[in-house]
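One structure is given below, encoded as structure tokens.
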Amino acid sequence: MKINFINKANIKFSIEFKSKLKDIVKYIAVKEDKKITSLSLIYCTDEIIKDYNKKYLGHDYATDIITFHDVNENGETEGELLMSAETIKENAGRFNTEPDVELMRVVIHGVLHLCGYKDKTKKQKVQMRLKENYYLKIN
């Protein structure tokens, strides 16, 4: 699996943290039996993610993550996780956690979407949160 980091928000990541992100993405793909051939982790501002949210989802607000993906005829997935560094930092404060932990949760959340998990209904949200917590604990 090829994993790219694209930083449009000028935030700094250690090599160790990037390696940790790559490891959890690969681990989830294996555990969930999903063929992810390439994934771009794109860090951006609230302004950028708000534009994408409005254009592609019809929502006029910033969010922490938007997941885009294509699945080819062989069942292989290529994806992009567009994440707002600003919203992630705000959410970390709101949830009383470290920004790195919140970022890890958001990446896990996006990868779970790539694996087919949804979060529209209450039941789906509960299942998603259980999976997020599971993968956060083993990380």
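Restricting attention to the range 95-136, which residues are charged (D, E, K, R), under 20 Å from residue 19 (Cα atoms) and at pLDDT 95 or above? Working first, answer last.
Filtering the range 95-136 down to residues charged (D, E, K, R) leaves 98, 100, 102, 105, 118-120, 122-123, 125, 129, 131-132.
Imposing the further condition that a residue be under 20 Å from residue 19 (Cα atoms) reduces the set to 98, 100, 102, 105, 132.
Scanning the range 95-136 gives 102, 105, 132.
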- Task: List the number of the failed condition for residue 130; all other conditions in (1) under 15 Å from the mean Cα position of the chain (by Cα); (2) hydrophobic (A, V, I, L, M, F, W, C); (3) over 16 Å from residue 27 (Cα atoms) hold.
- Result: (1)
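Please verify whether the range 29-43 includes one or more residues that are buried (at least 16 other Cβ atoms within 10 Å of the Cβ) and β-branched (Val, Ile, Thr). First the steps, then the outcome.
So in the range 29-43, the residues buried (at least 16 other Cβ atoms within 10 Å of the Cβ) come out as 29, 32, 34, 36, 39, 41-43.
If we keep only those that are β-branched (Val, Ile, Thr) too, we end up with 36, 42.
Looking for residues that are buried (at least 16 other Cβ atoms within 10 Å of the Cβ) and β-branched (Val, Ile, Thr), one finds at least one in the range 29-43, hence yes.
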- Query: List the pairs whose first member sits in the range 116-139 and is in a helix (DSSP H, G or I), whose second member is surrounded by 13 or more Cβ atoms within 10 Å (Cβ to Cβ) and of a type in the set (Val, Ile, Thr), and whose Cβ atoms are under 7 Å apart, counting only residues at least 6 apart or on separate chains?
  - Reply: 132/108; 135/24; 135/28; 135/108; 136/108
- Query: With respect to residue 15, is the statement that it is buried (at least 16 other Cβ atoms within 10 Å of the Cβ), closer than 19 Å to residue 139 by Cα, β-branched (Val, Ile, Thr) and out of contact with any strand residue (DSSP E or B) (no Cβ under 6 Å at 6 or more places or on another chain) true?
  - Reply: no
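Going by the conditions given, is residue 73 more than 23 Å from residue 137 (Cα to Cα), acidic (Asp, Glu), out of contact with any Gly (no Cβ under 9 Å at 6 or more places or on another chain) and loosely packed, with under 12 Cβ neighbours inside 10 Å?
Values: more than 23 Å from residue 137 (Cα to Cα): yes; acidic (Asp, Glu): yes; out of contact with any Gly (no Cβ under 9 Å at 6 or more places or on another chain): yes; loosely packed, with under 12 Cβ neighbours inside 10 Å: yes.
The answer is yes for residue 73.
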- Query: When residue 70 is evaluated against the numbered criteria (1) under 17 Å from residue 33 (Cα atoms); (2) touching an Asp or Glu at 6+ places or on another chain (Cβ under 8 Å); (3) in contact (Cβ under 8 Å) with a residue 12 or more places away in the chain; (4) of a type in the set (D, E, K, R), which criterion, by number, is the only one it fails?
  - Reply: (3)
- Task: Return the only residue of 88, 49 being buried (at least 18 other Cβ atoms within 10 Å of the Cβ), touching a strand residue (DSSP E or B) at 6+ places or on another chain (Cβ under 6 Å) and of a type outside the set (D, E, K, R).
- Result: 49
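Output the residue which, of all residues in the range 1-10 that are touching a helix residue (DSSP H, G or I) at 6+ places or on another chain (Cβ under 7 Å) and assigned to a loop (DSSP other than H, G, I, E, B), is nearest to residue 86 (Cα to Cα). So that I can check it myself, show each step before the final result.
Filtering the range 1-10 down to residues touching a helix residue (DSSP H, G or I) at 6+ places or on another chain (Cβ under 7 Å) leaves 1, 3, 5, 8-9.
Now restrict to residues that are assigned to a loop (DSSP other than H, G, I, E, B): 1, 8-9.
Numbers: 1: 28, 8: 12, 9: 9 Å.
Across the range 1-10, the extreme among qualifying residues is 9.
The values are calculated or read from the model by the stated rules, or taken from the named source; none is laboratory data. Given the structure is predicted, the values throughout are model-derived calculations rather than measurements. So basically every Cβ, Gly included, is an ideal-geometry build from the backbone, and we count neighbours across all protein chains shown.
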